[in-house]
């Protein structure tokens, strides 16, 4: 992975996290105030995690680690940052490797789904592997936050993590689909 | 790894997605009108008028005949539905498209 690609993945993560923090989180806080500090119902950066890991394998992890660290520093309110700080590094690490673990699990069962391998991944396959990654991430995050979350909240946070990651991936893919479509149609019109 | 090839494969993958959600066969004008209708739809199942769609930036530049042809075509393709309870010129963007 070259420096430019590293930078693009990092910035894409920060941008998607920022969009989630500024657009999704305030709305979600109105009806899930206690859980919103831990997880988002539409977590767009999961799309970056899954697509970057599909394209670059383990080499995407450092860019994802940097992106999520910068995003946490930029977009987490000071009071929440202080509250989450004891487990923030573990949480960032779990998020960055979740997609990689999902792709590796698929490889263990004979499905090598990384870009450039013998089996070409369809968009439905990408969403399926993203769903596995979201479950891995939600279990890991719930475990990491278990010291900070009451038992009654734990299941709700686990559910929000899994759903939020998956919805974030789908939204990312639909957005990219429209961006690529627009660029293609504009190209056709220009010709 | 060749990142441009990965991008190309991603574009192919998402083009299949377009086809599977039924957008691939649309002309540029149909796409503009569908996106305009989607944009003026406030919430799931909300009825929008032809004038609202027509006034959106994406559709306002289309010739009158092209706009109406695109609108008719989208209704024919099932991407827009005529709103129940109205005689004409009121539409609903298909619910499963909005929810995506």
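The values are calculated or read from the model by the stated rules, or taken from the named source; none is laboratory data. Since we're looking at a predicted model, the values are computed, not measured. Positions of Cβ are backbone-derived with ideal geometry, glycine not excepted, and every protein chain shown enters the neighbour counts.
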Of the residues A:63, A:27, only one is surrounded by fewer than 16 Cβ atoms within 10 Å (Cβ to Cβ), within 14 Å of another protein chain (Cβ to nearest Cβ) and in a helix (DSSP H, G or I); which? A:27
With respect to residue A:39, determine if the residue is under 22 Å from residue A:173 (Cα atoms) and either assigned to a helix (DSSP H, G or I) or modelled with pLDDT under 95 (or both). yes
Please indicate, with yes or no, whether at least one residue in the range A:50-60 is surrounded by 14 or more Cβ atoms within 10 Å (Cβ to Cβ) and either more than 13 Å from chain B (Cβ to nearest Cβ) or assigned to a loop (DSSP other than H, G, I, E, B) (or both). no
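Which helices (runs of 4 or more DSSP H) does the range B:1-94 wholly contain that include 2 or more residues that are at the interface with chain A (Cβ under 10 Å from one of its Cβ atoms), more than 11 Å from the chain's Cα centre (by Cα) and modelled with pLDDT under 85?
B:3-20
Specify which of the listed residues (A:84, A:113) is surrounded by 14 or more Cβ atoms within 10 Å (Cβ to Cβ), in a helix (DSSP H, G or I) and at pLDDT below 95.
So the residue among A:84, A:113 that is surrounded by 14 or more Cβ atoms within 10 Å (Cβ to Cβ), in a helix (DSSP H, G or I) and at pLDDT below 95 is A:84.
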Given A:162, A:102, which one is touching a residue at least 12 places away in the same chain (Cβ under 8 Å), closer than 15 Å to residue A:57 by Cα and in contact with a helix residue (DSSP H, G or I) (Cβ under 7 Å, 6 or more places away or on another chain)? A:102
Determine whether residue A:167 is touching a residue at least 40 places away in the same chain (Cβ under 8 Å) and within 18 Å of the chain's Cα centre (by Cα). yes
What number goes with the only condition from (1) within 16 Å of residue A:178 (Cβ to Cβ); (2) exposed (fewer than 15 other Cβ atoms within 10 Å of the Cβ) that residue B:44 does not pass? (1)
Filter the range A:72-97 down to residues that are under 19 Å from the mean Cα position of the chain (by Cα) and in contact (Cβ under 8 Å) with a residue 60 or more places away in the chain and give me whichever is nearest to residue A:141 (Cα to Cα). A:87
Do we have residue A:11 as within 12 Å of the chain's Cα centre (by Cα), closer than 20 Å to residue A:171 by Cβ and in contact (Cβ under 8 Å) with a residue 24 or more places away in the chain here? no
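Do we have any residue at all in the range A:96-103 that's surrounded by fewer than 18 Cβ atoms within 10 Å (Cβ to Cβ), assigned to a helix (DSSP H, G or I) and at pLDDT 95 or above?
yes
Being closer than 20 Å to residue B:9 by Cα and either free of Cβ contacts under 8 Å to residues at least 12 places away in the same chain or away from chain B (no Cβ under 14 Å) (or both) is the filter here, so list the residues in the range A:108-151 that pass it.
A:111, A:112, A:116, A:117, A:118, A:119, A:120, A:122, A:124, A:128
Among the residues of the range A:116-137, write down those that are part of a helix (DSSP H, G or I) and out of contact with any helix residue (DSSP H, G or I) (no Cβ under 7 Å at 6 or more places or on another chain).
A:124, A:125, A:128
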